[in-house]
Each structure stands twice: as structure tokens, then as C-alpha cells.
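Computed from the coordinates by the stated procedures, all read-outs in this text should not be read as laboratory data. Small disclaimer: the values here were computed from a predicted structure and weren't measured. Neighbour counts are summed over all protein chains in view; Cβ atoms, including those assigned to glycine, are modelled from backbone coordinates with ideal geometry.
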Amino acid sequence: MNTATAASFDEILQEALRLSQANDGPTAIKLFQEALAINPQSAATYCLLAAEYITLGQVAESEAAYANALMLAPEFHLARFQMGLLQFTSARVPVALLTWQPLLALSDENALKLFVMGFAHIARDDFEVAINYFERGIKVNADIPPLNTDIQRVIAEIKGLQDKSALTAADQANATSTIAPTADGSNEDEDANVHFLLSNYQQHEPLH
């Protein structure tokens, strides 16, 4: 880009960000698209576009934008994490785990890797282990504070479901009646609640 084109790109991008913060998603999306028409090699702009799409519930468009970001910048770890999270919360857990696989090569103290490990253990219904990974990730994540807020929300929801399950079990024990476990010893209702929580987490909260 020449100097004039670069200035135009920056101005459009700044206006798109302003509109995004003002909750004018449709107009922000149009401006992000205009910016990409000027600089189609901007992986960061594709990532911003993806985040804007998800605030409007446009899952397919968001995933496509994240995919474009990763095609341009395969080492864009945050875009990879967000794309996997979008897939995970859209009930496509195996696809999410495949998307996240390169993040497992990061340092053991990398926040994104720790968050991925947390979600991987949720997929196995290992909720205590998942919470441990999430809490470790929050401690080391100083670069993306909004992501910590999202993960803390997931932890709170899981703990709330665990507390509810414990109270239900106690009530059932007092009534000398229990819900039969599944073949692997898990409680189907609890598992369904957790997976429902995570699928709706994406729908009600923007992914940062």
C-alpha cells in the first residue's frame, strides 16, 4: 500500500472499531470489509471482522473470517483459539480440538494452551481438571484480559452446575431415590446441562 492508501485503511479501521464499541455491528462489518478490500492481507482485520460477526450471531460468517485470518497467518494463535472456541460452542467438539491442536505445541505455561486443555477436559466431563487448567491460564494471561472474563464465566457456570447436581443428589438420597447413572458412571442430566451451557455461552456472550 502507498502512504495515502495506508492512511485510508487506518481511518476506515478506526471508524469500524468505534462503531463496534458503539454496538453498531452491521455498519462496523461493512467498514471492516471496506478495509479488507484495501488490504486483503490483514489477518488482524479478518479477526476483528470475525468477532463482529459473532456478536450478531452469524456463526458461519465468523468462522469463515477466522479461517481467512489463519490462512494469512497460521501462527496467529489468538485467531486459532477463537475459531476453535466458536466450533466448540457450536457443538462441534472434535473439529474444535483439531483446530486447537497446533496450540498444544506452545509452552506449558502459555495461557491459550492452558485454556485449550481446560476445554479438552470439559469434553471428557473431567470438570475439576478443566477448572484447574482454566484457573492456571487466567493466572498467566496478562495480555488478553477480556478472555479471562470469559473463562471466569465458564468456571462459574460449571461450579454452579456442580453445586446444583450435589444438592439434587442429596435430595434424592433423602428420598431414597436416585437417578440411574449411564454405563460410564456419569449423570446424563448433568452432562447435558454442561454442554447446553457451553453451546449457549457463544450465543449470548461475544467472544473476545
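As a proxy for reagent exposure, Glu34, Glu75 were ordered by neighbouring Cβ count within 10 angstrom, fewest first; the result is Glu75, Glu34.
Counted by neighbouring Cβ atoms within 10 Å, the residues Ser62, Ser20, Ser90 run from fewest to most as Ser90, Ser20, Ser62.
For the stretch 114-127, 3J(HN,Hα) computed residue by residue from phi via the Karplus equation (6.51, -1.76, 1.60; θ = phi - 60°) reads 5, 5, 4, 4, x, 5, 4, 6, 4, 4, 9, 6, 8, 5 Hz, glycine and proline entered as x. Applying 0.36 nm per residue to the separation of Lys164 and Glu109 and subtracting their alpha-carbon distance, the gain on full extension is 16.6 nm. The distance between label points at Ile38 and Val140 comes to 3.8 nm (points 7 Å beyond Cα on the Cα→Cβ vector). For the stretch 1-84, a/c is not less than 1.5, where a ≥ b ≥ c are the root eigenvalues of the C-alpha gyration tensor, and a/b does not top b/c. That puts it in the oblate class.
Rounded, prolate or oblate for the stretch 44-106? Axes are the square roots of the Cα gyration tensor eigenvalues, ordered a ≥ b ≥ c, and the cut-off for rounded is a/c under 1.5. Can you show the working numbers first?
Numbers: a/c = 2.26, a/b = 1.16, b/c = 1.94.
Because a/c hits 1.5 or more and a/b fails to exceed b/c, the stretch 44-106 counts as oblate.
By its C-alpha gyration tensor, with a ≥ b ≥ c as the square roots of the eigenvalues, how is the stretch 1-146 shaped: rounded for a/c under 1.5, else prolate for a/b larger than b/c, else oblate? Note, shape of the stretch 1-146 comes out prolate.
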